[in-house]
Amino acid sequence: MTTVALKDVTKVFRDGTIAVDKLNLDVNDGEFMVLLGPSGCGKSTVLRMIAGLEEPTSGAVLLGGDLVNDLEPGDRGIAMVFQDFALYPHMTVGGNLAFPLRLAGIEPSPREERVADVASALGIGDMLGRKPSQLSGGQRQRVAMGRAIVRRPGLFLMDEPLSNLDSGLRAELRAEISGLTRELGVTTIYVTHDQAEALTMADRVAIMRKGVLQDVGTPTQVYGRPATLYVAAFLGSPRMNLLEASVYVHLDRYITLSLGDQALHLPWDDIRSRAVAHYHGERIVIGMRAEALTPVAPDAPGHVLMGRIRYLEHHGHESLAFVDIGATAVVVDQMGTPVQDVAGPRGRSRLGQVMQRLTGRGGEAEQPAAEPAGDNRASVLSDPGRHHRRPAELAVRLAPYPAVGPGHPLAVSVRMDALHFFDERGDRIDVGWR
């Protein structure tokens, strides 16, 4: 049985960079866990600490319930698959597959049998005599997978193994890797920045941002009820529509969610209304996915927002209309920083900060401030000035190549039960949190 437990694991590099900050994560025996996040969020560092290639600054790494902080990588019973395949170019496919077994002292006969079984399972049984240079990218990745599998480890660690492949091949290998690891029953931790990989392959997904765990749950849980504004913005295509709203409570009737000149009304009998009511007179963030929005006639009953199409994106099977409803957007960039709050100290713009770094001009007071940490996080609803506020453009799914275009009016019905609510710190407003 191989379980993984990370207890308050922190990694600080010599230059003071905090790559991982007090991470607590449990991976069950046989589970396929995906670490998801943008480049630089700390997910590969987590993998390297589990493998023993990096030493935690503090905290405990446990494998199968045993503390392994001081255990050498070769003694941890793990196998790693890397992004760059890392095959031996002078060896054949069979030689690459057999290499870890030769190191382990396995006799030739059982060694050849295990290599043949793994090669057959991965569809490379007829390539054992070829060199890596004679293989395609997908075939080389299968060999790299096979070299890890043939050892029969207790734990697989995979660091973005498909990122160098084209999209069609990635989709094919996603299914193969997921099915094979489940068939073998091996605990797997898989690192990726691709949300499609995470949501299709994982038993559970752990989403990271700047070294901090943001959310962990099944794909359905993290997509359907994201714990933070960052997770909501990161998951989904098209991205979730995030709107600034003012809350006004009408006791025993409904809650008005004011979106500029328009409003939605959350029924009082909605189980979420009591939680949202605590923000009476304040601003919150409302999240709407495209699947919660349906084009309707302007006089349709229900919760309807009116707007005009700003532009269209055609995707063949559907078109996306981006509709200006006169509300204010809350935009979160890939690393989770509120884009709305673009002014640095003394109101210096982000462009000005970049120019200062490039030219060396400007004093110390003009440097961008460090991001507040912990409970002192900046509000995602901070207002540096009206010229920095962005109009909300609701992403609405339409039929392919509709008979409308930019400037056309569009009425959109909103499914109130599918809305997400977040406070000014970016935390979910909810009841009965999972």
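A short reminder: the numbers here are calculations on the coordinates, not readings from a lab. Note that the structure is predicted; figures quoted are calculated from it, not measured. Here the Cβ positions follow ideal geometry from the backbone for every residue, glycine too, while neighbour counts run over all protein chains shown.
So which lysines can LYS11 reach, going by Cα to Cα under 28 Å and dropping same-chain residues fewer than 8 places off?
Counting by Cα, and skipping residues close in sequence, LYS11 has these lysines nearby: LYS22, LYS43, LYS210.
Throw me the Rg/Rh for the stretch 44-124, computed over C-alpha atoms with Kirkwood Rh, two decimals.
Reported Rg/Rh, Kirkwood definition of Rh: 1.05.
For the stretch 126-252, what log10 I(q)/I(0) values come out of the Debye formula at q = 0.12 1/Å, with one point per alpha carbon and no solvent?
For the stretch 126-252, the Cα-only Debye profile gives -0.58.
Stick to the Cα atoms of the stretch 188-280, pair each with every other, and give me the Kirkwood hydrodynamic radius in Å at one decimal.
Working: mean 1/r = 0.0651 Å⁻¹.
Averaging 1/r across every pair of different Cα atoms and inverting gives 15.4 Å.
Figure the gain on full extension for LEU169 and ARG308 (residue separation times 0.36 nm, minus the Cα-Cα span) and round it to one decimal in nm.
46.1 nm
How far apart, in nm, are the 7 Å Cα→Cβ label points at SER136 and THR57?
With each label point 7 Å from Cα toward Cβ, the separation is 4.5 nm.
So what's the net charge close to ASN28: Lys and Arg +1, Asp and Glu -1, counting the other residues with Cβ under 12 Å from its Cβ?
Value of the local net charge: -3.
Let's test this: bin the Cα-Cα distances of the chain at 20 Å from zero up to the farthest pair and state each bin's percent.
Bins of 20 Å from zero give 22, 46, 28, 4 percent of pairs.
Quick one: net charge around ALA290, please, counting Lys, Arg +1 and Asp, Glu -1 for every other residue with C-beta under 12 Å from its C-beta.
0
Where does the charge balance sit around THR92 when Lys and Arg score +1, Asp and Glu -1, over other residues with C-beta under 11 Å from its C-beta?
Taking every other residue near THR92 into account, the sum is +2.
Determine the gain in length on full extension of the stretch SER120-ALA104; use 0.36 nm per residue of separation and subtract their C-alpha separation, reporting nm with one decimal.
3.6 nm
Only Cα pairs within less than 10 Å get springs; with that Gaussian network setup on the chain, which residue of GLY95, GLY52, GLY281 has the largest fluctuation?
GLY281
Semi-axes of the equivalent ellipsoid of the stretch 4-226: what are they in whole Å, largest first, if each equals the square root of 5 times a C-alpha gyration tensor eigenvalue?
30, 20, 16
What ranking do 257-264, 70-77 get when scored by the average of other Cβ atoms within 10 Å per residue, highest first?
On the way: 257-264: 16.2, 70-77: 12.1.
Averaged packing, sorted descending, gives the order 257-264, 70-77.
Quick one: what does P(r) look like for the stretch 1-51 with 10 Å bins over all Cα pairs, in whole %?
22, 56, 19, 3
Using 0.36 nm times the number of residues separating LEU71 and THR10, minus their current alpha carbon distance, what extension gain do you get?
20.2 nm
Based solely on its DSSP helices, what 222 nm [θ] is calculated for the chain when runs of n ≥ 4 H residues each add -39,500 (n - 2.57) and the sum is averaged over all residues, nearest 500 deg cm²/dmol?
One gets -6500 deg cm²/dmol as the mean residue ellipticity at 222 nm.
Could you give the distance between the Cα centres of the stretch 288-314 and the stretch 204-269, to the whole Å?
18 Å
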